[in-house]
Amino acid sequence: MLEIDGLHCRYGKVSAVRDLTLEVKKGELVTLIGANGAGKTTTLKAISGLLAPAAGRIVFDGEDITGAAPRTILARGIAHCPEGRHIFPDMTVQENLDMGCYLRKEPGGIARDLERLFERFPVLAERRRQMAGTLSGGEQQMLAISRALMSRPKLILFDEPSLGLAPNLIETIFEIVSEIRAQGVTVLMVEQNAYAALELCDRCYLLESGEVTLSGSGEELLNDPHVKAAYLGG
């Protein structure tokens, strides 16, 4: 479904990603792990059009989307749930969800999807007229995920979905990500909680200093000595 070949990304003269090659197959949950500054978020930004690559190709569903505008990429079926949530705090919960489906044209389908989301996240239904900035951190993450889902994506990019959440909410967020994958949406996730990410995923890529240094199944990386020592505390 998604193929990245020889991706290079820079911020000015600083290389953030170098010669990165990876793939995500339809129906998979693939994770990117690595230290802060390893290039994980940069990779997601390049995929969703928020950052123009310096070199390389990004192909989605057989079409080259390298350097395409975010609107075009969203319309093709890739939604991005960014680090830090980035909801619209001065808009209501309902208005945030409306922003997630602004490219869609079928009112009936939008209404059905909204109803399903409100069934999954009843707190959002209760607070649909509340300003999004007044929600708790966990509720804001649920809203950010729901907003991305309202675009009906084929592929959803999650950037640190558990970041800044209370421990009791982190498990809930990972359950939601797993449910999304089970419903047929392909997932590419960046996650600092390496252990949880590896337990959840089908396959994983380890990024170090902007390069893929290791890849394999979640189980393989959980048992890799380097990953254990550097990212799993053991």
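Just so you know, all these numbers are worked out from the coordinates, no wet-lab data involved. These numbers come from a predicted model, not from an experiment. Here the Cβ positions follow ideal geometry from the backbone for every residue, glycine too, while neighbour counts run over all protein chains shown.
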Given (1) in contact with a Cys (Cβ under 8 Å, 6 or more places away or on another chain); (2) hydroxyl-bearing (S, T, Y); (3) surrounded by fewer than 16 Cβ atoms within 10 Å (Cβ to Cβ), index of the condition S151 fails
(3)
Would you be able to tell me the number of residues in segment 156-195 that are within 18 Å of G233 (Cβ to Cβ) and surrounded by 20 or more Cβ atoms within 10 Å (Cβ to Cβ)?
3
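Of all residues in segment 156-176, which are assigned to a helix (DSSP H, G or I) and of a type in the set (S, T, N, Q)? Even if it seems obvious, please write down each step before you answer.
Pass one, segment 156-176, residues assigned to a helix (DSSP H, G or I): 167-176.
Of everything in segment 156-176, those that are assigned to a helix (DSSP H, G or I) and of a type in the set (S, T, N, Q) turn out to be N168, T172.
I need the full set of residues from segment 47-65 which are of a type outside the set (F, W, Y) and in contact (Cβ under 8 Å) with a residue 40 or more places away in the chain, in order please.
Once the filter is applied, which keeps residues that are of a type outside the set (F, W, Y) and in contact (Cβ under 8 Å) with a residue 40 or more places away in the chain, segment 47-65 yields I47, S48, L51, P53, A54, A55, G56, R57, I58, V59, D61.
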Conditions first: (1) part of a helix (DSSP H, G or I); (2) touching a helix residue (DSSP H, G or I) at 6+ places or on another chain (Cβ under 9 Å); (3) exposed (fewer than 15 other Cβ atoms within 10 Å of the Cβ). Q94 passes all but one, so which condition is the exception?
(3)
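What about A38, is it crowded, with 21+ Cβ neighbours inside 10 Å, farther than 20 Å from R147 by Cα and either touching a strand residue (DSSP E or B) at 6+ places or on another chain (Cβ under 8 Å) or of a type in the set (D, E) (or both)? Talk me through it step by step, then tell me what you get.
Values: crowded, with 21+ Cβ neighbours inside 10 Å: yes; farther than 20 Å from R147 by Cα: yes; either touching a strand residue (DSSP E or B) at 6+ places or on another chain (Cβ under 8 Å) or of a type in the set (D, E) (or both): yes.
Criteria met by A38.
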